[in-house]
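The values are calculated or read from the model by the stated rules, or taken from the named source; none is laboratory data. From a predicted model like this one, the values you see are computed outputs, not experimental measurements. So basically every Cβ, Gly included, is an ideal-geometry build from the backbone, and we count neighbours across all protein chains shown.
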Amino acid sequence: MHRSGISQPLLAAVACTFFFLAPSASLASDSPKPVSLGADAGLYVKVRLNGEVKFSKLKPGDVVEGKLARDVYSADRELFAAGSRVRLTVDSMEKRRRIPNDHWPGVIRLFTPRHEKFPVFKAGTISGANGDSALRFNLITVNRQREVLAQAKKKKGSGQSADSEAGAVDVGPSQVGSSQLGPSQQGARSKKQVLPTMVLEAFAGENETLDSVGPAVPGGPGASSSGPDSSTPQILPAGTRCKILLLGDVSASKSKPGDLVQARLLEPVLLDSHVVLPAGSMVEGKVVKKIAPRMLSRAGSLYLTFTGMTLPGKNQFPIAATLAGAELDQRSHTKIDKEGGLHGERPGKAWMAINLGVTAGVAKEADDTFQLIFEAIVSTATDASTAGQARIISSCASAIYLATRHGRDVILPRFTEMNISLDRPLSVTRTTDPDGRATGVRGN
C-alpha cells in the first residue's frame with residue numbers, strides 16, 4: 001500500500017477527529033441579535049418580494065419592492081391590508097449571523113459561512129387606503145416560508161375531523177386560511193410560494209402616529225358599543241384559532257421542560273364581527289416536554305402549551321391552548337402531530353448520502369494513519385502485516401462515526417408565526433367608559 005508523507009495523514013486524522021467530536025450546531029450562537037417586538041414595540045410587517053433579490057449584492061440607495069403578505073394591525077385597528085405595495089430604500093449593508101435550520105447535517109454546517117450580508121432599511125413607504133405612509137423599518141429576517149399544520153383529529157366512527165364538525169370559527173379578519181384547504185391544495189400552495197419573504201418591524205416617523213391610518217375593527221376598544229351588552233361575557237368556543245408571533249428561540253436541543261415561551265397576538269380575534277382579543281396581546285406558554293436529537297440519526301421532538309394571556313390593559317388571565325400550525329423555513333423538515341407536538345422528520349436520501357460519504361472518508365484516513373503510525377513504531381512491520389489490523393481499526397472508526405450522528409433538530413427561531421387553538425372555551429368581558437364606548441377587554 002502506498003504511504004503518503006507524515007503531515008497529510010496526521011492532518012486528516014485531526015480533521016476526522018474534529019468531525020467525530022463536533023457537536024450539533026448551536027441555536028443560540030447562530031441566532032440574530034435580539035429585536036424588540038413586545039407588546040409596546042413597532043408593527044410586524046411581512047413583505048413578499050416581487051421577484052428574486054440577491055441581498056448580498058445590494059448597495060446603499062437600491063430600492064426593494066414587494067407587497068404585504070398579511071394584514072397589519074395595531075390593537076383593534078387595521079392599518080394596512082394585505083397586498084398593499086411596499087417600497088424600501090437600502091441605507092447600508094451589515095453582517096448578521098445566519099439563522100440555523102435542520103435541512104443539512106452538522107458536517108455541512110461546519111463549512112457553511114456563519115454570517116451573511118443583510119440590507120439595513122431606514123426609510124420606506126406603504127401604500128394604504130389613505131395614500132402612502134412613510135415609515136422607519138428594521139429588517140428582522142429574510143427567508144422562504146411554508147405553513148406546517150397539525151394533523152386533523154378524527155372522531156371515532158366518523159371520517160370527518162373534529163375541527164370540521166365543530167363548524168367555522170371567526171378567528172379574525174383573515175378568516176379563510178390554509179387550515180381550511182385540502183392536502184392537495186396545501187401542497188399546491190406551498191409549491192407556488194417560492195419568492196423570498198421579508199419580516200420587518202415598522203415605526204412611525206418623527207412627530208407622527210399611526211392611529212389614523214386605518215379604520216378600527218367594529219366592536220374594538222375606542223369604537224362605539226353597538227354589539228352585545230358590554231356587561232355580558234363573550235365566550236370564545238374551544239377550537240378558536242389565534243395567530244401569534246414567537247418572541248424567543250425554542251428548540252428541541254437547547255430548550256428545557258418548564259422554559260417560558262412568550263408570543264404576541266398578531267391579529268384581533270373576532271366573535272360575531274366584534275373584537276374579543278385585540279392584536280398586541282401577550283401570550284405566555286412553556287415547554288412541556290422535549291426530546292433532543294439522538295444518535296443513530298433519531299430526530300428530536302418538542303411539546304409546547306400556552307397557559308396565559310395579557311391584554312394591552314395589563315389584564316392577565318389563564319388560557320389553555322395548543323399549537324395548531326407554524327410557518328417555518330421552506331426547507332424545514334418538521335411536522336406537527338394532532339396533539340400539537342413538533343417532530344423532526346427522518347433523514348432523507350441527501351442527508352444519508354452525505355453522512356455515508358464522510359464515513360467512507362473517515363475509514364480511509366483511519367486506515368492510512370494507523371498503518372503510518374504502526375510502521376513508524378515497529379521497524380519490522382510491513383504493509384502486508386498491518387493491512388488487516390488497519391481495516392479493523394478503520395471499520396470501527398467509521399461505524400462509531402455513523403452511529404453517533406444525531407437526527408434532525410426541531411427549531412423554532414424567534415419571530416416564527418404560529419397558530420394556536422383554544423382547548424377550552426374562554427370567557428371575555430368588554431369594558432366601557434361612561435359614554436358607552438368600548439375601552440378594553442377583561443378575561444374571566
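Restricting the search to segment 71-121, which residues are in a helix (DSSP H, G or I) and of a type in the set (Gly, Ala, Ser)?
The answer is Gly106, and nothing else.
Pick out, from segment 241-319, the strands (runs of 3 or more DSSP E) lying fully within it that include 3 or more residues that are within 17 Å of the chain's Cα centre (by Cα).
Numbers: elements: 241-246, 260-265, 269-271, 274-277, 282-291, 301-310.
Hits in segment 241-319: 241-246, 260-265, 282-291, 301-310.
Quick check on segment 307-319. Is at least one of its residues closer than 28 Å to Arg405 by Cβ and either of a type in the set (A, V, I, L, M, F, W, C) or crowded, with 19+ Cβ neighbours inside 10 Å (or both)? Full working, then the answer.
Start the filter on segment 307-319 by keeping residues that are closer than 28 Å to Arg405 by Cβ, which leaves none.
No, segment 307-319 contains no residue that is closer than 28 Å to Arg405 by Cβ and either of a type in the set (A, V, I, L, M, F, W, C) or crowded, with 19+ Cβ neighbours inside 10 Å (or both).
Scanning segment 412-444 for residues that are of a type in the set (A, V, I, L, M, F, W, C) and under 20 Å from Arg264 (Cβ atoms), we see that the one that is modelled with the lowest pLDDT is Val441. Quick test of your reading of the structure: Glu78 fulfils all but one of (1) among the charged types (D, E, K, R); (2) under 22 Å from Met418 (Cβ atoms); (3) without any contact (Cβ under 8 Å) to a residue 24 or more places away in the chain. Name the failing condition by number. Among (1) among the charged types (D, E, K, R); (2) under 22 Å from Met418 (Cβ atoms); (3) without any contact (Cβ under 8 Å) to a residue 24 or more places away in the chain, Glu78 violates only (3).
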